[in-house]
Amino acid sequence: MEWQQYIIEDAVIADLPGIVDIYNSTIAGRVVTADLEPVTVADREKWFHEHNSHHRPLWVLRKDGEIAAWLSFQSFYGRPAYNGTAELSIYVNEKYRGIGAGSILLTKAIEECPRLGLKNLVGFVFGHNEPSLGLLEKFGFTRWGLLPGVAVMDGIERDLVIIGRKL
């Protein structure tokens, strides 16, 4: 797929249904999120409004008029001393998985960190989510921690890997 024609921009409220659709498409696979049931647009409205372009952006990657992927920056641990650290989440539309959408968003995220005042990026990734771990490691993230068996999905205990990068 050609990635020469795409746009990355701040999400607007009209994008929330598409963001939620992409998120919900990952639930059944039990690899990407710990949610076990689909969420609604109403469930995500508060989360959406916690983002802003100057501190904790929520971006959409548009390709051919549709949301191919999205990326969010979340505050880490919710205390002021951690303002220089943000958690990244990247979710990719099924149609665009495995062909570079995540890399495009991650490249922009790293480039924007100085403007956002960020010194560290972290991700919380299931240990069996090899595609996401591989993507982050490709961009210089390393494993900072392991929470063994902290999630139980369909009766199976899953590890959570804390992966991070100093900027």
Given (1) assigned to a loop (DSSP other than H, G, I, E, B); (2) at pLDDT 95 or above, index of the condition Gly98 fails: (2)
Glu111, sole failed condition from (1) assigned to a helix (DSSP H, G or I); (2) over 23 Å from Ala34 (Cα atoms); (3) in contact (Cβ under 8 Å) with a residue 12 or more places away in the chain: (3)
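Looking at region 107-114, can you tell me whether even one residue there is in contact with an Asp or Glu (Cβ under 6 Å, 6 or more places away or on another chain) and open to solvent by less than 30 Å² (accessible area, probe 1.4 Å)?
We begin by selecting, within region 107-114, every residue in contact with an Asp or Glu (Cβ under 6 Å, 6 or more places away or on another chain); these are none.
For region 107-114, residues in contact with an Asp or Glu (Cβ under 6 Å, 6 or more places away or on another chain) and open to solvent by less than 30 Å² (accessible area, probe 1.4 Å): absent.
Find the residue count for region 114-132, including only residues that are among the aliphatic types (A, V, I, L, M) and either part of a helix (DSSP H, G or I) or touching a residue at least 60 places away in the same chain (Cβ under 8 Å) (or both). Before the answer, list the steps.
We begin by selecting, within region 114-132, every residue among the aliphatic types (A, V, I, L, M); these are 116, 118, 121-122, 125.
Of the ones still in play, those that are also either part of a helix (DSSP H, G or I) or touching a residue at least 60 places away in the same chain (Cβ under 8 Å) (or both) are 116.
Residues flagged as among the aliphatic types (A, V, I, L, M) and either part of a helix (DSSP H, G or I) or touching a residue at least 60 places away in the same chain (Cβ under 8 Å) (or both) within region 114-132 amount to 1.
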Val31 being surrounded by fewer than 19 Cβ atoms within 10 Å (Cβ to Cβ), of a type outside the set (Ser, Thr, Tyr) and over 15 Å from the mean Cα position of the chain (by Cα): no
Return the total of residues in region 1-27 being outside any helix (DSSP H, G or I) and either in contact (Cβ under 8 Å) with a residue 24 or more places away in the chain or farther than 18 Å from Ala69 by Cα (or both). 11
Note on Leu136: of the conditions (1) touching a Gly at 6+ places or on another chain (Cβ under 7 Å); (2) open to solvent by 30 Å² or more (accessible area, probe 1.4 Å); (3) hydrophobic (A, V, I, L, M, F, W, C); (4) in a helix (DSSP H, G or I), unmet is (2)
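The values are calculated or read from the model by the stated rules, or taken from the named source; none is laboratory data. What you are looking at is a predicted structure, and each value in this text was computed from that prediction instead of being measured. So basically every Cβ, Gly included, is an ideal-geometry build from the backbone, and we count neighbours across all protein chains shown. Heads up: the accessible areas ignore ligands, DNA and RNA and are worked out on the full protein's heavy atoms, side chains in. Shrake-Rupley method; radii C 1.70, N 1.55, O 1.52, S 1.80 Å.
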